[in-house]
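Step one of this worksheet: look at the structure below.
The values are calculated or read from the model by the stated rules, or taken from the named source; none is laboratory data. Because the structure is a prediction, the values reported are computed rather than measured. Note that we place each Cβ from the backbone using ideal geometry, even for glycine, and neighbour counts take in every protein chain shown. The area values use the complete protein model at the heavy-atom level, side chains included, leaving out ligands, DNA and RNA. Shrake-Rupley method; radii C 1.70, N 1.55, O 1.52, S 1.80 Å.
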Amino acid sequence: MERSGCQILIETLIEQGVTTIFGYPGGQVLNIYDELYKNKHRINHVLTAHEQGASHAADGYSRASGEVGVCLATSGPGATNLITGLATAKADSIPMVAITGNVPMELIGSDSFQEVDTFGLSITVTKHSFRVNNVEELADTVREAFRLAKSGRPGPVLVDIPKNIQLDKTEYAPKGVVEKNPDPKPDTALLDQALEMINECKRPIIYCGGGVINANASEIITKLTEKTDAFMVCSMMGLTAMDNSHPKYLGMSGMHGRFAATKAISECDLVIAAGVRFTDRATGNRKKFASNAKIIHLDIDSAEHGKNIDATLQIPGDLNFALCYIATKLEPQKHPEWEEAVASYKNKTKDVYAPNGYLLPWQIIAAVNQRATPETNIATDVGQHQMWVAQYYNFKKPRTFQTSGGLGTMGYGMGAAMGAAMATGNRTVLFTGDGSFGMNLNELATAVSQNLPLIIVILNNGVLGMIRQWQNIFFENHFMSSDLERKTDFVKLADAFGATGFRAANLAQLNEALDKAFALNCPVVIDCLIPDEESVFPMVPPNGSMDNIILK
Ligand SMILES: Cc1ncc(C[n+]2csc(CCOP(=O)(O)OP(=O)(O)O)c2C)c(N)n1
Ligand SMILES: [Mg+2]
């Protein structure tokens, strides 16, 4: 039977296993929305407050579930509003498919209403972009978008569909869910070399990134850590790879990493790096990164090899295969001297974060942590609050942390938290800053309309804290445009949006608010007042190394 492009699009999405999409209507997607209307019971469309929110929601949905997140927007401003979300997902290798409508092909290039070159705009911030040129290729293009999004190193893919293609008709034959391409197997000769290096080392570190989460390789990397008697250090993207209370877990290293993690990298003699790209925020001065160590770099994307760090041994290919191979063949190691050395690094910073009478960031994170379950999703925006969460939150399970690592997108949090809550049905806590929340608080409306079990904890310092911190340390306290000087009342704001709001200026108020919030199953905003002069430490200044670390 002949079907229109719109019908084929919806059928193909359903065929690919999509149950939820996030989007916003407009002139060039109205026919698609009409099909969504007719298929309401087969596919759930979540109307966000802004297309950027839809893109971050698809991203958060994907991070929490491992599925491909899907968003939909109209041409022109709808499409441009998706760009930040696509760039955010690209930077963190998140599989997503974004669908945009465009003006009819006969109008393309005529400066018509709401016409932008979506393909051209998106191509550098996606893994790939398609413009569909005829209805016959529509279904296979959408399938190809899903295949690309999830194959190899995952990423976002955009499909731009001009309006005439949406209306044109052709035959549609359903197909099954497209499988991702099989991951290339790593060369076992290289893995044998890795085994040799592990057997020879005395002070091993496993350095774990987002690639481990994407490969669902948490269990095997935990096993390898134990067998190697290594310590595990993570990039921010890898923080949920291992139960954070594991004795071998040291947490995040780098610019705002934990002291013991950064110190251990600088003192180790072997780094087994898995699914990391050695970004500057993680390595500091690349010439001094792990300067006493050999590095084994495992990654699905061979473009990462030698991009930022010249590893001693570069092993492209399937991470799971590589980790299993090494973990199976390796005889269990013991490194008591290394154990002792790392224990002394841990002790060094024990008293750095002593309470001083205010409500302090770490107390807020600990109070949430106490009430959360291992399944609770934790999302953040970007700034000091994000670093504090990365430093202090005790993650238990992979995929429970949604944060913008590579792009550092303020305004990411609300969308991501909504997506994670919808994907899992689990309680989700968003830690945000007063600046970041100002960029995406419109999505509180969506959280209310969907009645999501979402607790929004604002670490309200009255400032763009991370900017202020840099101005304090590097710009002689020239606090230019970092003091927000706003009078926003977040409790009233929550009320205005139909959510519940609490304010906490001390620990007793915080505990009371959190108890109430965790007893509710709807959006709650908790405005936590913290001092503006709190800084994130440790800090390795940009391009610095362990020699330059600032502890307080
Ligand atoms: C979209 C965007 N614009 C600007 C920045 C630069 N930036 C990074 S952190 C930050 C301040 C964040 O302030 P807030 O959300 O209040 O968090 P805090 O640091 O105070 O915890 C800014 C402006 C950014 N990361 N993203
Ligand atoms: Mg702030």
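Residue by residue through region 331-349, note down the ones that are β-branched (V, I, T) and part of a loop (DSSP other than H, G, I, E, B).
Quick first cut of region 331-349, residues β-branched (V, I, T) only: 342, 349.
Residue satisfying the conditions is T349 alone.
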Q.
For G406, only one of the following conditions fails: (1) surrounded by 21 or more Cβ atoms within 10 Å (Cβ to Cβ); (2) within 16 Å of ligand 1 (Cβ to nearest atom); (3) over 17 Å from L514 (Cβ atoms). What is its number?
A. (1)
Q.
So, in region 410-438, exactly how many residues are open to solvent by 10 Å² or more (accessible area, probe 1.4 Å) and either assigned to a loop (DSSP other than H, G, I, E, B) or aromatic (F, W, Y) (or both)?
A. 4
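If you go through region 111-145, how many residues are assigned to a helix (DSSP H, G or I) and more than 23 Å from E304 (Cα to Cα)? Give the derivation first.
The initial filter retains those residues of region 111-145 that are assigned to a helix (DSSP H, G or I), namely 118-125, 135-145.
Still in the list and also more than 23 Å from E304 (Cα to Cα): 118-121, 135-144.
The qualifying residues number 14.
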**Q.** Matching option when the condition is within 15 Å of ligand 1 (Cβ to nearest atom), touching a strand residue (DSSP E or B) at 6+ places or on another chain (Cβ under 6 Å) and not small (G, A, S), among I467, I550, I456
**A.** I456
Q: Among residues belonging to region 439-466 that are near ligand 2 (Cβ under 9 Å from one of its atoms) and not in a strand (DSSP E or B), point out the one that is surrounded by the most Cβ atoms within 10 Å (Cβ to Cβ).
A: G465
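Matching residues to (1) of a type in the set (F, W, Y); (2) touching a Leu at 6+ places or on another chain (Cβ under 9 Å); (3) at pLDDT 95 or above:
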| site | (1), (2), (3) |
| --- | --- |
| L484 | no, yes, yes |
| F490 | yes, yes, yes |
| A494 | no, yes, yes |
| N511 | no, no, yes |
| L514 | no, no, yes |
| L529 | no, yes, yes |
| N548 | no, no, no |
Q) Which one of these is surrounded by fewer than 22 Cβ atoms within 10 Å (Cβ to Cβ) and either in contact with a Ser or Thr (Cβ under 7 Å, 6 or more places away or on another chain) or over 24 Å from Q333 (Cα atoms) (or both): D280, D243, D269? A) D280
(Q) Return the residues of region 103-134 that are surrounded by 22 or more Cβ atoms within 10 Å (Cβ to Cβ) and either within 22 Å of E2 (Cα to Cα) or in contact with a Cys (Cβ under 9 Å, 6 or more places away or on another chain) (or both); say none if nothing qualifies. (A) V132
Q | Candidates D301, D269, D280 - the one that is within 22 Å of the chain's Cα centre (by Cα) and farther than 19 Å from G152 by Cβ | A | D280
Q: Name the residue, out of T432, T403, that is within 14 Å of ligand 2 (Cβ to nearest atom), polar (S, T, N, Q) and not assigned by TED's automatic domain parsing to the domain that holds T222.
A: T432
Q. Given the conditions (1) outside any loop (DSSP other than H, G, I, E, B); (2) open to solvent by 40 Å² or more (accessible area, probe 1.4 Å); (3) under 17 Å from A139 (Cα atoms), and given that T84 satisfies all but one, which numbered condition is not satisfied?
A. (3)
